[in-house]
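The values are calculated or read from the model by the stated rules, or taken from the named source; none is laboratory data. Computed from a predicted structure; not experimentally measured. Note that each Cβ is placed from the backbone with ideal geometry, even for glycine, and that neighbours are counted across all protein chains shown. Remember, those area values only see protein heavy atoms, side chains included, never the ligands or the DNA or RNA. Shrake-Rupley method; radii C 1.70, N 1.55, O 1.52, S 1.80 Å.
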Amino acid sequence: MAAYGSGSLISFEGIEGCGKSTQIILLAKRLRAAQKEVVISREPGATPLGAKLRALLLDPAYSPDALTELLLYLADRREHRRQVIAPALQRGALVLVDRYVDSTWVYQGFARDEVEPSLIEKLNRLVVGDDWPKLTFVLDCPAPVGLGRARERNRETGVEGVADRFEQRHLDFHESVRQGFLVLAKVEKERFRVIDADREIETIHDDIWREFSLKYAIN
Ligand code: TYD
């Protein structure tokens with residue numbers, strides 16, 4: 001059982017448009033109502049360096065080779081860990097992060113299939129050390145559902161037609177990303193919780209809250 005009183009890192013993973021950010025906000029609200037310090041963060045782009053790397057990484061006009069792409073995500077993570085995650089955990093906060101080590105394993109390793117996933121595992125460990133997630137929610141939904149939502153979000157925020165570099169990829173890439181997260185979840189059952197994200201927001205939140213409460217022994 002994980003300790004709720006001290007700091008803990010919880011990551012949210014899944015394909016584009018699976019609803020991670022909505023669910024992070026709902027969980028944070030509930031925890032804050034219980035007087036818990038919660039830090040919400042995301043990758044890439046949570047630090048000043050990260051913001052620059054994010055702009056580059058998501059730019060449709062930029063196409064780095066697989067190793068360069070991997071190293072840029074890792075640089076973003078290293079800075080994120082040093083500036084945001086480690087200090088928050090030391091204060092005893094709960095850190096809810098939108099994408100983390102598993103996204104790299106899945107996107108740059110499993111789905112892109114150009115860098116050995118075992119190398120990514122080693123580099124991730126080097127970059128984050130002990131700040132590994134205690135609990136990881138995979139919000140699982142079919143690729144067309146997630147991409148449909150991502151497009152909807154772009155329309156609502158006025159960026160219709162300017163899908164980022166990842167959103168532009170083919171459906172089978174996103175299906176492979178989905179499968180990658182499911183593979184990880186099967187291997188590391190203790191850490192992962194796969195949540196069906198093709199449902200109502202509140203229903204998904206209820207499942208997340210139930211799993212969170214079980215893990216941290218909250219009544
Ligand atoms: P973002 O707009 O934050 O997408 P989402 O809302 O789906 O999280 O874009 C982040 C993109 O970066 C997303 O397509 C996944 C990709 N990514 C990687 O390829 N590797 C990584 O290590 C991380 C953290 C993200």
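Rounded to the nearest percent, how much of the accessible area of the stretch 8-215 (1.4 Å probe, protein heavy atoms only) is carbon and sulfur? Result for the stretch 8-215: 54 percent of the exposed heavy-atom area is carbon or sulfur.
When you count, for each residue, the other Cβ atoms within 10 Å and take the mean per peptide, how do 55-66, 8-19, 83-94 rank with the highest first? If you can, show how the numbers build up before the last one.
Values: 55-66: 12.4, 8-19: 24.8, 83-94: 17.2.
Ranking the peptides 55-66, 8-19, 83-94 by packing returns 8-19, 83-94, 55-66.
Straight-line reach from K122: taking Cα to Cα under 29 Å and skipping same-chain neighbours fewer than 8 places apart, the lysines in range are K20, K52, K134, K186, K189, K215.
Distant-in-sequence amide contacts of V39, defined by a placed amide H-H separation under 5 Å and a gap of 5 or more residues or a different chain, comprise L94, V95, L96. Take every Cα pair under 8 Å whose residues are at least 6 apart in sequence, average their separation, divide by the length of the chain, and the relative contact order is 33 percent.
Per residue, what accessible area does the chain have, given a 1.4 Å probe and all protein chains present, in Å²? If you can, show how the numbers build up before the last one.
Details: 10580 Å² over 219 residues.
Per residue, the chain has 48 Å² of solvent-accessible surface.
Within the stretch 8-215, all pairs of alpha-carbon atoms sorted by distance into 10 Å bins from zero give the percentages 8, 35, 40, 16, 1.
Only the Cβ atoms of Lys and Arg (+1) and of Asp and Glu (-1) were treated as charged; on that basis the dipole of the stretch 92-219 about its Cα centre amounts to roughly 200 debye. In order along the stretch 53-60, the Karplus-derived 3J(HN,Hα) couplings, from 6.51 cos²θ - 1.76 cosθ + 1.60 at θ = phi - 60°, round to 5, 4, 4, 5, 5, 9, 6, x Hz, and Gly and Pro are given as x.
Just how large is the dipole of the stretch 8-215 about the Cα centre, in debye to the nearest 20, putting +1 at every Lys and Arg Cβ and -1 at every Asp and Glu Cβ? Intermediate values should be presented prior to the final figure.
Details: 32 positive and 34 negative charges, 171 e Å.
Taking the Cα centre of the stretch 8-215 as origin, the dipole is about 820 debye.
Paramagnetic label reach from F173 (point 7 Å along Cα→Cβ; backbone nitrogen cut-off under 19 Å): within the stretch 119-151, residues 141-151. In order along the stretch 203-217, the Karplus-derived 3J(HN,Hα) couplings, from 6.51 cos²θ - 1.76 cosθ + 1.60 at θ = phi - 60°, round to 5, 5, 4, 4, 5, 5, 4, 4, 5, 4, 5, 5, 4, 9, 6 Hz, and Gly and Pro are given as x.
Mind ranking 147-153, 75-81 by how tightly packed they are, going by the mean number of other C-beta atoms within 10 angstrom, highest first?
Descending packing order for the listed peptides: 75-81, 147-153.
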